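To start, the structure itself, in structure tokens.
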Amino acid sequence: MTVTDLPDVPDIARMRRETGRRLRASMARDGADALVLLGNSNVSYATGVSWPLGDSGLSHVDRPVAVILADDPVPHLFMPYREGAGPGPELPDGYLHDPVYLEYDEGVELFARELAGLVPPGAVIAVDEITGAMRRGSRRLFPHGPADASRIVPAAKAVKTPDEVACMRRALRITEEAMADVERALAPGVRQVDLSGRFVRRAFQLGATANLLDPIWQVMPPSRAEGVWTSHGDLALPLLTTERELVRGDVLWIDVSISWGGYCSDFGRTWLVGQDPSPRQRAQYRRWTEVVDAVRDVTRAGATGADLTKAAVEAHGDGTRPWVRHFYLGHGLGVDAAEMPFVGTDLGDQFDQSVVLEPGNILVLEPVIWEDGTGGYRAEEVMLITDDGYLPLTDYPYTPYGD
């Protein structure tokens, strides 16, 4: 994939055809004749439908379910929502079904009858999630036992089509424009929840389909010892937003994510409330840029996750990993706010060596520079892996630390 491949406006119909082909090719590699998908992002990827999210607790109950057949390019969708869904497919008659509620035995009974009418006898059916009620009714749903879809969908999602990237660029632009509005309102006395309200309102005014993450405006402690206790001894992140009023000198680690058309943004920066950074804080930012630049220098198709982690550690200079222990140096982005490829996880060096970047991967770098007494520095950079390197998709300044 090259820069010239990327459209300014995504062709949704073309994107759905291409992602559908990728998904069915992944099914064929794993020997699956049908997929049953419950995960919200998996359903969105497989069908093209997106919907507004309100109470995240309902995403496991009142949720769409998709059935994908290996020999049929059109997905079956069991959809509880009819209004408010984002740009999605016009499904032919017989493919859009009434909702099924797979948390309940009655819903499983209904779905088993529907599934038997769609999937031929003896078919291998792979599923991404199994509820308690599905487990109780497993023999009805999956007469030959369910196969595991945990590799099928991520393998298809990992390489993005040009239209998928165009959707993400739209989501990123919405996020950055909304964040600029929030940054202008940042001042002592403003509450964290006020920032959240301002961000979400502006994002939806600009066309966001869903707010995927309770916005994080975490006030970082001056030292680890003054922060929240953690089992691993590293920094606690993220902590929930509260009604806390910000005060002059607060160091905020920020993390937000919205979606447009089912595809996510990711935004991370460090802001300082009501004053300029100290020389030590500016030095931390410069060290962060050195880590990011070192990782970028080795980022290209064919590089491994281990190549990236090695570059980051060497640039950090003290032999330690410049990221939070329970997270990662980088992660993918798409219909999920964090998806494959993952780089620098607690799965270790052997896993990082197995991660090989491909053209069309999206990688979000999020190193952390910490020094007691400063509040630390963290930001996120979104990149598209291309044939000859990478294309930055992030376009937001680093104020007040840098340009």
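Before moving on, here are some points about what is shown:
- Residues satisfying the stated conditions in the stretch 92-119, i.e. free of Cβ contacts under 8 Å to residues at least 40 places away in the same chain, surrounded by 11 or more Cβ atoms within 10 Å (Cβ to Cβ) and assigned to a loop (DSSP other than H, G, I, E, B): Y95, P99, V100, Y104
- Considering the stretch 354-369, the residues that are touching a Gly at 6+ places or on another chain (Cβ under 7 Å) and either modelled with pLDDT under 95 or not in a loop (DSSP other than H, G, I, E, B) (or both) include one that is surrounded by the fewest Cβ atoms within 10 Å (Cβ to Cβ), namely V356.
- Restricting attention to the stretch 344-353, the residues that are free of Cβ contacts under 8 Å to residues at least 12 places away in the same chain and either surrounded by 13 or more Cβ atoms within 10 Å (Cβ to Cβ) or among the β-branched types (V, I, T) (or both) total 1.
- First in the stretch 22-46 and of a type in the set (D, E, K, R), second anywhere and assigned to a helix (DSSP H, G or I), Cβ under 6 Å, 6 or more apart: R22/A156; D30/I152
- Among residues of the stretch 26-74, those that are modelled with pLDDT of 90 or more, touching a helix residue (DSSP H, G or I) at 6+ places or on another chain (Cβ under 8 Å) and farther than 23 Å from A133 by Cβ, counted: 9
- Condition check for G274: in the same structural domain as E358 (by TED's automatic domain parsing), modelled with pLDDT of 95 or more, part of a loop (DSSP other than H, G, I, E, B) and surrounded by fewer than 22 Cβ atoms within 10 Å (Cβ to Cβ): yes
- Test: residue in the stretch 159-167 that is more than 22 Å from L206 (Cα to Cα), part of a helix (DSSP H, G or I) and hydroxyl-bearing (S, T, Y): no
- Among residues of the stretch 320-353, those that are charged (D, E, K, R), more than 21 Å from P221 (Cα to Cα) and in a loop (DSSP other than H, G, I, E, B), counted: 2
- The stretch 188-266 holds strands (runs of 3 or more DSSP E) entirely within its bounds, and those carrying 1 or more residues that are at pLDDT below 95 and buried (at least 21 other Cβ atoms within 10 Å of the Cβ) map to 258-260.
- Restricted to the stretch 370-396, and to residues there that are outside any strand (DSSP E or B) and within 22 Å of the chain's Cα centre (by Cα), the residue that is surrounded by the fewest Cβ atoms within 10 Å (Cβ to Cβ) is D395.
- For L329: the one exception among (1) hydrophobic (A, V, I, L, M, F, W, C); (2) touching a residue at least 12 places away in the same chain (Cβ under 8 Å); (3) surrounded by fewer than 19 Cβ atoms within 10 Å (Cβ to Cβ): (3)
- Filtered residues of the stretch 299-319 (kept if more than 30 Å from I152 (Cβ to Cβ) and in a helix (DSSP H, G or I)): K310, A311, A312, V313, E314, A315, H316
- Hits in the stretch 220-249 (condition: free of Cβ contacts under 8 Å to residues at least 40 places away in the same chain and in contact with a strand residue (DSSP E or B) (Cβ under 6 Å, 6 or more places away or on another chain)): P238, L239
- Selection from the stretch 120-148 of residues that are of a type in the set (K, R) and assigned to a strand (DSSP E or B): none
- Filter result for R191 (touching a strand residue (DSSP E or B) at 6+ places or on another chain (Cβ under 8 Å) and among the basic types (K, R)): yes
- Condition broken by Y401, with the remaining ones in (1) more than 22 Å from the chain's Cα centre (by Cα); (2) farther than 28 Å from N211 by Cβ; (3) not aliphatic (A, V, I, L, M) satisfied: (2)
The values are calculated or read from the model by the stated rules, or taken from the named source; none is laboratory data. Only a predicted model underlies this, so the values are computations on that prediction, with no experimental measurement involved. Positions of Cβ are generated from backbone atoms using ideal geometry, with glycine treated the same way; all protein chains shown enter the neighbour counts.
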